[in-house]
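Notes follow once the structure below has been shown.
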Amino acid sequence: MPTDASAAGALPRYFVRPCLLLLLREQPAHGYDLLERLRPLGLRRLDPGGLYRALRALEREGLVHSAWEPSHGGPDRRRYELTRAGMEELHAQAKAIAAGRETLGVFLSRYEEFVSLAQAGQPAVSR
């Protein structure tokens with residue numbers, strides 16, 4: 001039975017939010033720039049529509065502010081920057097991700113123990 005996380009290295013759907021907050025903490029940016037900068041964070045298949053929906057949601061929540069900026073040789077572009085509330089949310093999200101990492105570490109340790117025992121032909125340990 002396939003799940004959203006069945007693909008190798010799948011990230012939770014909500015992960016785009018803390019990533020956008022982090023990137024905007026590093027520097028204010030336009031949407032296309034953010035789309036490119038999300039790739040090294042593991043968000044390679046995010047479509048532009050999804051990105052702009054996420055940015056609008058962050059702006060509605062007061063975590064991000066945007067303003068139109070003239071573009072050289074093209075249409076005006078919206079420039080996004082982090083607000084003080086966005087910075088606080090970034091800190092909260094980072095704490096939640098760190099707690100999740102701990103939980104995943106416990107899971108992976110127990111899984112690796114199970115695999116090791118199975119490969120050695122020993123029964124799994126009951127906890």
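Nothing in this text is a laboratory measurement; each read-out follows from the coordinates by a stated rule. Predicted, not measured: the structure shown is a model, and the values here were computed from it. FYI the Cβ positions are ideal-geometry reconstructions off the backbone, even for glycines, and counts take in every protein chain you see.
Structure notes:
- Along each principal axis, Cα extent of the chain, largest first, Å: 67, 28, 23
- Electrostatic tally near Arg79: other residues with Cβ closer than 13 Å to its Cβ, Lys and Arg +1, Asp and Glu -1, net -3.
- Computed about the Cα centre, the dipole magnitude for segment 13-119 is approximately 200 debye when only Lys and Arg (+1) and Asp and Glu (-1) carry charge, each at its Cβ.
- Here is the result for segment 36-85: no chymotrypsin sites (Phe, Trp or Tyr not before Pro) lie in DSSP coil with at most 13 other C-beta atoms within 10 angstrom of their C-beta.
- Between Arg84 and Glu36, residue separation times 0.36 nm minus the direct Cα-Cα distance comes to 14.8 nm.
- Geometric descriptor of segment 64-127, per residue, is 133 Å³ (volume of the convex hull of the Cα atoms).
- Distance (nanometres) between label positions extended 7 Å along Cα→Cβ at Arg25 and His65: 1.9
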